[in-house]
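**Q** Below is one structure. I have some questions about it.
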Amino acid sequence: MAVTINKVSSDTELKELAVLADSIWHECFVDIISTGQIDYMVEKFQSYEAMTKQISEQDYSYYAVREDGELCGYIGVKLEKDERFFLSKLYLRSDKRGKGIASKMLEKVFEEGRAFGKKQVYLTVNKHNDHAIAVYKKTGFKVIDEVVTDIGNGYVMDDYIFGYDL
């Protein structure tokens with residue numbers, strides 16, 4: 001099993017990530033939030049248009065994760081102005097979980113954060129996403145706060161904020 005994690009550098013790759021994001025979100029969040037909210041959040045935060053804007057206007061970078069050449073996950077990070085590095089997105093297809101790929105993805109995030117001289121990686125995770133919470137805790141992330149964010153259209157994100165000191 002060869003896992004590669006490379007920074008997305010073309011529109012074609014970003015479009016592939018958007019298709020994958022839609023698939024993963026409908027698989028991963030169906031028992032956590034409504035289908036309507038999944039559709040809304042994918043369009044608002046995970047679509048090709050949203051990711052393009054995040055890259056061009058908000059200091060985001062995206063990474064494609066491949067196992068033996070097959071796209072199976074992605075990472076989205078944001079360079080903050082303070083000493084923190086925001087892990088906005090870390091998603092992996094369910095059939096690829098349990099193989100150590102998520103650990104490699106997190107190691108890539110830590111490596112990038114350190115390269116930018118950051119002291120902490122932080123992220124938000126839905127309070128009911130038990131699988132992701134377990135992965136982050138196992139890796140050494142700690143809950144540092146909670147936040148409820150109104151994202152429009154009558155939807156909110158009810159999240160824990162996790163931090164990991166680099």
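**Q** Across the range 1-23, what is the total count of residues that are free of Cβ contacts under 8 Å to residues at least 40 places away in the same chain and assigned to a loop (DSSP other than H, G, I, E, B)?
**A** 2
Rundown of residues vs (1) within 21 Å of ALA134 (Cβ to Cβ); (2) in contact with a strand residue (DSSP E or B) (Cβ under 9 Å, 6 or more places away or on another chain), yes/no style:
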| position | (1), (2) |
| --- | --- |
| GLU16 | no, yes |
| VAL30 | yes, no |
| ASP39 | no, no |
| GLU57 | no, no |
| SER88 | yes, yes |
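**Q** Going residue by residue through the range 138-149, is there one that turns out to be of a type outside the set (A, V, I, L, M, F, W, C) and within 19 Å of ILE38 (Cα to Cα)?
**A** Checked against the condition, which is being of a type outside the set (A, V, I, L, M, F, W, C) and within 19 Å of ILE38 (Cα to Cα), the range 138-149 yields at least one hit.
**Q** Scan the range 110-129 and tell me whether some residue there is in contact (Cβ under 8 Å) with a residue 24 or more places away in the chain, in a helix (DSSP H, G or I) and either in contact with an Asp or Glu (Cβ under 8 Å, 6 or more places away or on another chain) or among the charged types (D, E, K, R) (or both).
**A** Yes: one or more hits.
**Q** Based on this model, can you work out whether GLY98 counts as in a loop (DSSP other than H, G, I, E, B) and of a type in the set (Gly, Ala, Ser)?
**A** Yes.
**Q** Within the range 1-49, which residues are basic (Lys, Arg) and within 15 Å of the chain's Cα centre (by Cα)?
**A** LYS7, LYS44
**Q** So which residues in the range 130-147 are in contact with an Asp or Glu (Cβ under 8 Å, 6 or more places away or on another chain) and among the β-branched types (Val, Ile, Thr)?
**A** Correct list: VAL147 only.
**Q** Filter the range 24-41 for residues that are surrounded by fewer than 16 Cβ atoms within 10 Å (Cβ to Cβ) and part of a helix (DSSP H, G or I) and give the result.
**A** HIS26, GLU27, THR35, GLY36, ASP39
**Q** Please go through the range 52-85 and give me each residue that is among the hydrophobic types (A, V, I, L, M, F, W, C) and buried (at least 19 other Cβ atoms within 10 Å of the Cβ), ordered by number.
**A** ALA64, VAL65, CYS72, ILE75, VAL77, PHE85 - these are the residues of the range 52-85 that are among the hydrophobic types (A, V, I, L, M, F, W, C) and buried (at least 19 other Cβ atoms within 10 Å of the Cβ).
Only the coordinates and a few stated rules stand behind these numbers; no lab work does. All of these numbers come straight from a predicted model, not from anything done at the bench. Virtual Cβ from ideal backbone geometry, glycine too; neighbours counted across all protein chains shown.
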